Amino acid sequence: VGDSADYDREVKSVCPYCGVGCQLSFKIKDDKIAWVDGVDGPANENRLCVKGRFGFDYIDHPHRLTTPLIRRDDAPAKGLNVDPANLSTHFREATWDEALDAAANGLRGRGAEIAGLGSAKCSNEEAYLFQKLIRQAFKHNNVDHCTRLCHASSVAALLENVGSGAVTATFNEIENADVAILIGCNPAENHPVAASYFKQFTKRGGKLIIMDPRGQAMKRHAEHMLQFRPGTDVAMLNAIMNVIVEEGLYDEQYIKGYTENWEAMKTHLADFPPEKMAELCGIDAQTLRVVAREFAGAKAGMIFWGMGISQHIHGTDNSRCLISLALMTGQIGRPGAGLHPLRGQNNVQGASDAGLIPMFLPDYQSVEDDGVRSAFTEVWKSDDFSNQKGLTTVEMIDAIDAGQVKGMYILGENPAMSDPDVEHARAAFAKLDCMVVQDIFLTETANFADVIFPASAWAEKTGTATNTNRQVQMGRPAVSPPGDAREDWWITTELAKRLGLNWDYTHPKQVFNEMKQNMKSLDNITWERLEQAAVTYPSLSPTDPGQPIVFGDGFPRSDGRARFTPAQVTAPAEVPDADFPMILTTGRQLEHWHTGSMTRRASVLDWAEPEANASLHPKTLRKMGVKAGDMITIETRRGAIQIMARADRAVSEDMVFVPFAYVEASANVLTNPKLDPYGKIPEFKFAACRVAPAEQA
Ligand code: SF4
């Protein structure tokens, strides 16, 4: 950091990393970002974490893509084999016209043979344009993004049971709570500024109950830490709810006034007494009873969750349990009460709201509804498109294998790192006739591209983003894109024109105004308002800053009531056995963001966490005759990686944790592609594995 003499100008914008959506100020000197400060945004009140404060110099990295590229006719076979410092072995530089024409020629007229992956790292307007392009140009719904790998199961359960896929209360509402549950999330690493509010909550006497198979830094602040056995979420949560029923701790008046299916839920829960579930979930019955009483007895209680809940084949059931727990205790729709899935990417909420999903148009309006489709085609001045749900992220890979998908347009996503069983995904990408990738770096996915469009980083573009709190915020360009790189909305528009579409956008504001025509969530929110300040949706009037808490007077379901949906215990898709006796779980680290394409090129962050590592309990390492820092081999039924061992008492003795940011030891070589049947999310949090010293593998 410096003082005002050290910069020429400042630009206020939003952090490009996590869903907290911290507002920040870029300090610019000689047209480069010199440093970053937090500003007083609604979610962060001047705070930033290490990524927001120090993780910005990736935008000046020498590997930035600066000119359109086309695969050379004499390029080697497609694979993970391009040196980002020497692209000319595989690609030739092209003009924008050449590259856009090549992409359009490869994709045009192929209907459902084309699939698209848009980005939660782009703006709302860019997400909207991307889904519109797939639907308007190819007449179907094969469009998705990384929500499918993140909170798709949480959204499925929320839509089913409360009628809305977003949070019911901002995370900042914890200041009005007296009890909060954090389950399957690690906010100190993944939502650090939100974690600072959670710590403040405990300092003023709030009770934090953490439930997670892995220990974490927030444990120090918790009243209870329930380190339950991985994959037993439903058993544990049903046992807690059983206590609430058996001891009459539920909120009868709330249940009568605002819910349905309570009697079925009560009957279902009778099968889950804590004494019966204790051994399965690894938490003693008395602790389950104490936790149930504390949450049910709270004046105001909140439930926060992350991908430890969602990334299971029973992720939707896990979320259903959390929703039921909040409903039966009446902990929703009031100050300090509510449900909050902590969203991952900076704009995953907004990209989902904007319709970047295969079953919904913007605002979660079903593609199967004729009236909904006709409302959109009227605005788009185009023909109808398919009334069938499209392919989800992982289903697209299987469809390539089956010869159904032959071309892809991928914007700002890196599925060659982020998909489960990733060697399978990489092999599938190599089979595509036409793969168009739009990104800021030659990602692992771009290795397989036929055409590459150089795009803009977040700090180089104009557009809105929606954070985990439903706060819509304006992102502003601090510096210019390098070389011939362009803003994503411009690239998508130019491609659309070459695909024969009647698009004439010249600024994201036009796109935003079009979105408002069929998105009630944006009522009373204007571009001009967003230029002044963030607005939380829903906003009830042109001057209302928005509603931090929703559903105090009923739910957006047909009968206005939320629903209890009972959840049965389901085992993980793959359980440990004699061949693969340990449990693999994967996730993020504080310093690295998702597949690492940005943070591994951010000098401070890469300095802090430079090497791939796997966390194992010290006793497990000792049993294996391995020291921290030694190389180990981790193997599952999909493949094997070699990685450095790290001693970590936060993992249990039968577990290994691997972050997924490192291409040299890709965690997703190991993960299981089995999907949750509702959210279609893979089971990243549980696979059977074996671990050995590297030399014995
Ligand atoms: Fe950025 Fe999230 Fe850190 Fe805030 S908490 S600075 S949004 S990474």
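The values are calculated or read from the model by the stated rules, or taken from the named source; none is laboratory data. Just so it is clear, the structure is predicted and the values come from calculations on it, not from any experiment. With ideal geometry, Cβ positions are generated from the backbone for all residues, glycine too; neighbour counts draw on all protein chains shown. Areas reflect the complete protein model, heavy atoms only, side chains present, ligands, DNA and RNA absent. Shrake-Rupley method; radii C 1.70, N 1.55, O 1.52, S 1.80 Å.
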Failed item in (1) more than 29 Å from the chain's Cα centre (by Cα); (2) closer than 22 Å to A222 by Cα; (3) touching a residue at least 40 places away in the same chain (Cβ under 8 Å), with S382 passing the rest: (2)
What residue, of D31, D37, is open to solvent by 20 Å² or more (accessible area, probe 1.4 Å), within 16 Å of the ligand (Cβ to nearest atom) and touching a Ser or Thr at 6+ places or on another chain (Cβ under 9 Å)? D37
So is F360 of a type in the set (F, W, Y) and more than 30 Å from A687 (Cβ to Cβ) or not? no
Residue identified as more than 30 Å from Q547 (Cβ to Cβ), touching a helix residue (DSSP H, G or I) at 6+ places or on another chain (Cβ under 9 Å) and in contact (Cβ under 8 Å) with a residue 60 or more places away in the chain among P76, P68: P68
So which residues in the range 145-179 are in contact with a His (Cβ under 9 Å, 6 or more places away or on another chain) and either small (G, A, S) or assigned to a loop (DSSP other than H, G, I, E, B) (or both)? S153, G165, V167, T168, A169, T170
Give the residues of the range 161-182 that are away from the ligand (no atom under 16 Å from the Cβ), closer than 11 Å to H340 by Cβ and not acidic (D, E), sorted by residue number. A166, T168, A169, A177, A180, I181
Exclusive hit being surrounded by fewer than 15 Cβ atoms within 10 Å (Cβ to Cβ), of a type in the set (S, T, N, Q), in a loop (DSSP other than H, G, I, E, B) and touching a residue at least 12 places away in the same chain (Cβ under 8 Å), set N513, N524, N502: N502
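Residues checked against (1) within 17 Å of W489 (Cβ to Cβ); (2) among the charged types (D, E, K, R):
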position: A127; (1), (2): yes, no
position: D144; (1), (2): no, yes
position: G165; (1), (2): no, no
position: L182; (1), (2): no, no
Only one of A127, A112 is of a type in the set (G, A, S), under 30 Å from G315 (Cα atoms) and buried (at least 24 other Cβ atoms within 10 Å of the Cβ). Can you tell me which? A127
Subset of the range 43-62 (residues that are surrounded by fewer than 16 Cβ atoms within 10 Å (Cβ to Cβ) and more than 16 Å from the ligand (Cβ to nearest atom)): D60, P62
Could you list, in sequence order, the residues of the range 240-263 that are in contact with a Leu (Cβ under 6 Å, 6 or more places away or on another chain) and of a type in the set (A, V, I, L, M)? I240, M241, V245
Identify, from the list G554, G587, G546, the residue that is within 16 Å of the ligand (Cβ to nearest atom) and open to solvent by less than 20 Å² (accessible area, probe 1.4 Å). G587
Looking at K132, K139 in this structure, which one is farther than 19 Å from A399 by Cβ, among the basic types (K, R) and touching a residue at least 40 places away in the same chain (Cβ under 8 Å)? K132
Can you find a residue that is of a type outside the set (S, T, N, Q), buried (at least 24 other Cβ atoms within 10 Å of the Cβ) and assigned to a strand (DSSP E or B) anywhere in the range 466-488? yes
Answer residue from the range 436-462, given it is within 16 Å of the ligand (Cβ to nearest atom) and either of a type in the set (K, R) or open to solvent by less than 10 Å² (accessible area, probe 1.4 Å) (or both) and is nearest to the chain's Cα centre (by Cα) among those: A457
Of the criteria (1) within 19 Å of G297 (Cβ to Cβ); (2) not in a strand (DSSP E or B), which one Y197 fails: (1)
Considering only the range 216-237, I want to know if a residue exists there that is crowded, with 20+ Cβ neighbours inside 10 Å, over 19 Å from S154 (Cα atoms) and within 16 Å of the ligand (Cβ to nearest atom). yes
Taking the range 272-323 and keeping residues closer than 20 Å to T170 by Cα and open to solvent by 20 Å² or more (accessible area, probe 1.4 Å) leaves K299, M307
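If we scan the range 676-688, do we find a residue that is of a type in the set (D, E, K, R), open to solvent by 50 Å² or more (accessible area, probe 1.4 Å) and out of contact with any helix residue (DSSP H, G or I) (no Cβ under 8 Å at 6 or more places or on another chain)?
no
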Is it the case, given these coordinates, that K78 is under 18 Å from A534 (Cβ atoms), modelled with pLDDT of 95 or more and either surrounded by fewer than 21 Cβ atoms within 10 Å (Cβ to Cβ) or within 11 Å of the ligand (Cβ to nearest atom) (or both)? no
Some residue of the range 7-26 being in contact (Cβ under 8 Å) with a residue 24 or more places away in the chain, away from the ligand (no atom under 16 Å from the Cβ), open to solvent by 10 Å² or more (accessible area, probe 1.4 Å) and of a type in the set (F, W, Y): yes
Select from the range 341-359 the residues that are more than 12 Å from T466 (Cα to Cα) and more than 16 Å from the ligand (Cβ to nearest atom) and write down the one among them that is surrounded by the fewest Cβ atoms within 10 Å (Cβ to Cβ). M359
